[in-house]
Amino acid sequence: MQLVCGKRTLDLSRPQVMGILNTTPDSFSDGGSYYAGGGLDLDLALRRAEQMCREGATLIEIGGESTRPGAAPVSEQQELERVVPVVEAIARRLDVVISVDSSTPAVFRESAAAGAGLLNDVRALNRAGALEAAAATGLPVCVMHMLGEPGTMQSNPEYTDVVAEVKDFLMQRLEACIAAGIPREKVVFDPGFGFGKNDDHNLALLRQLPDTAPADIPLLVGMSRKSMIGRLLDRPVESRLPGSLALAMLAAQRGAHIIRVHDVAATVDVLRMQQLVDCT
Ligand code: 9MG
């Protein structure tokens with residue numbers, strides 16, 4: 001399976017690692033890392049992107065809005081200022097697919113013009129104008145399942161059958177994408193670990209990951225350092241690497257195509273070992 005991301009093509013016959021670069025002052029794990037002297041430091045962000053590429057990331061994700069519960073909302077202008085210059089700087093210097101984590105049509109348009117290769121929307125292109133703006137870029141899109149909105153999503157989420165409901169939602173968004181002119185081969189699914197799910201929901205989704213998407217649709221997963229690991233293993237955010245690596249390997253064994261992580265080097269090693277055992 002392949003995914004054409006603008007000028008670059010990803011080989012999804014083995015799992016690819018997406019390195020996270022949050023250009024937010026307030027993300028749960030790496031928020032504020034690229035701020036110096038009160039503003040976004042492009043050079044710091046670029047150096048981190050270079051490091052993740054050297055470690056084996058084939059995608060770098062830039063996000064300008066934190067989706068952790070309770071995060072401050074950002075204006076369109078703020079998001080553009082946090083995301084587009086970083087996309088531009090990385091696109092000029094590095095051979096990597098740049099994914100943009102956004103739900104905002106103007107950010108889709110300007111990021112695509114600056115060299116982005118993938119649009120990752122935790123709101124599954126549900127904002128007004130998002131489907132049309134994404135379609136106009138010609139880029140692939142990742143549609144993620146979320147129950148509710150980031151501010152409230154973790155207050156007692158309920159499902160009758162979480163796996164079936166997540167898949168139904170994603171299939172509906174696939175139909176909406178196709179109707180808007182985004183072809184099926186440009187759509188990626190993500191069950192949205194931790195987005196309106198308790199630990200039982202997350203574990204069921206991981207156990208049955210292949211049941212969340214048709215076989216021809218790539219699956220992206222993000223569990224790195226998330227609070228589910230904190231609760232299940234009783235670990236603060238800085239001690240969640242072993243749990244994150246175990247989840248990355250379990251996801252790869254269940255067919256995940258793109259794994260979104262903070263710790264690129266360690267994840268790449270784990271996935272190389274998994275491929276050697278399971279795929280040779
Ligand atoms: C932006 N973001 C944070 N967590 C995520 C996840 O699990 N999946 C996707 N697609 N995006 C995420």
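The values are calculated or read from the model by the stated rules, or taken from the named source; none is laboratory data. Values in this document were obtained by computation on a predicted structure and should not be read as measured data. Cβ atoms come from the backbone with ideal geometry, glycine included; neighbour counts cover every protein chain shown. Just so you know, the surface numbers come from the protein's heavy atoms only, side chains and all, with ligands and any DNA or RNA stripped out. Shrake-Rupley method; radii C 1.70, N 1.55, O 1.52, S 1.80 Å.
Observations
- Count of region 23-58 residues, restricted to those that are touching a strand residue (DSSP E or B) at 6+ places or on another chain (Cβ under 8 Å), within 13 Å of Asp263 (Cα to Cα) and either at pLDDT 75 or above or buried (at least 19 other Cβ atoms within 10 Å of the Cβ) (or both), is 7.
- All conditions in (1) charged (D, E, K, R); (2) under 13 Å from the mean Cα position of the chain (by Cα); (3) closer than 23 Å to His257 by Cα hold for Glu65, with the sole exception of (3).
- Qualifying residue in region 83-99 (condition: away from the ligand (no atom under 15 Å from the Cβ), in a helix (DSSP H, G or I), under 26 Å from Gly196 (Cβ atoms) and in contact (Cβ under 8 Å) with a residue 40 or more places away in the chain): no
- As for region 115-128, it holds at least one residue that is among the β-branched types (Val, Ile, Thr) and either part of a helix (DSSP H, G or I) or open to solvent by less than 40 Å² (accessible area, probe 1.4 Å) (or both).
- Residue identified as over 14 Å from the mean Cα position of the chain (by Cα) and surrounded by 15 or more Cβ atoms within 10 Å (Cβ to Cβ) among Arg272, Arg207, Arg240: Arg240
- When region 59-82 is limited to residues that are charged (D, E, K, R) and open to solvent by 10 Å² or more (accessible area, probe 1.4 Å), the one that is farthest from Lys197 (Cα to Cα) turns out to be Glu81.
- Annotation: Leu139 fulfils all but one of (1) open to solvent by 40 Å² or more (accessible area, probe 1.4 Å); (2) within 16 Å of the ligand (Cβ to nearest atom); the unmet one is (1).
- Single unsatisfied condition, Ile182 versus (1) within 29 Å of Lys7 (Cβ to Cβ); (2) away from the ligand (no atom under 15 Å from the Cβ); (3) open to solvent by 10 Å² or more (accessible area, probe 1.4 Å): (3)
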